[in-house]
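Right, one structure below, let's go through it.
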Amino acid sequence: MIMDRKVFTISSLVALLLTVCQFGAQAQFQAGVKAAYSLSFARSSFLLFEDSNDLLNYEIIFFEEDIRPMYGLMGYYEQGKVFVQMETMYKQTRSRFKAIDWSTPDRTTYDETKVTHFLVVPCLAGYRLESFKLGMGPIFSFILDQNSLFDAIPEFTERRKNLETGVSMNVGLKVYRLHIDVNYELHFNKVADFVVFKRAQSGFAQSPGYFTLGISYLFF
């Protein structure tokens, strides 16, 4: 299933590139490829779940979120000093969790890694001063595939939307066809806010932030 999703994503990126190239020839767009590396600022934290007698039942610990190198396409349009920049990127995140069952004598533990595959679409607009760019705009993350957490614990389920949103702030450098971009992203969804314990939404409260460094080359 994951491999099929990846093939679908790559096919979609190629189709989008051909469409952008055809449209760009008429509207003076530029389009090319992009690679990026993203660093998450999500902090380690934990949640406690109690039973009806206020006794500690489960503890869930979030350790860290690792993001694999991203790749995709970039479209760029400039009119005077104003620019619009759109991207379509493939992103994979790996979030580490541990659940401790305090109700058992041996304190059973479950180590889990949440692997999520995204199609990320940042939409930026801003101002260019000589070779420098300043911009901001919304960012949309569509979930292509993911595994489930804590299948062995019947009290836990997930309620996750297929679309996550946020805002991206950009500082960039444009040198002919080469673009170097530094972005700070703030996502509106919380860290694992989709975790449900006994039908009650009980996810982590912190909103993840990301620092992303990207390099793009525009072919025309």
Under 11 Å from a label point 7 Å along Cα→Cβ of Leu56: give me every residue in the range 86-117 with its amide N that close.
-> 100-103
Exactly which GluC sites (Glu not before Pro) in the range 142-220 are in a DSSP loop and have at most 10 other Cβ atoms within 10 Å?
-> none
Out of the range 93-162, which trypsin sites (Lys or Arg not before Pro) are coil in DSSP terms and have no more than 11 other C-beta atoms within 10 Å?
-> Arg107, Arg159, Lys161
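The numbers here are math on the coordinates, done by the rules we state, and not lab data. Keep in mind that what you see is a predicted model, and the values were worked out from it rather than measured. No Cβ is skipped: glycine too gets one built from the backbone with ideal geometry, and neighbour counts run over all protein chains shown.
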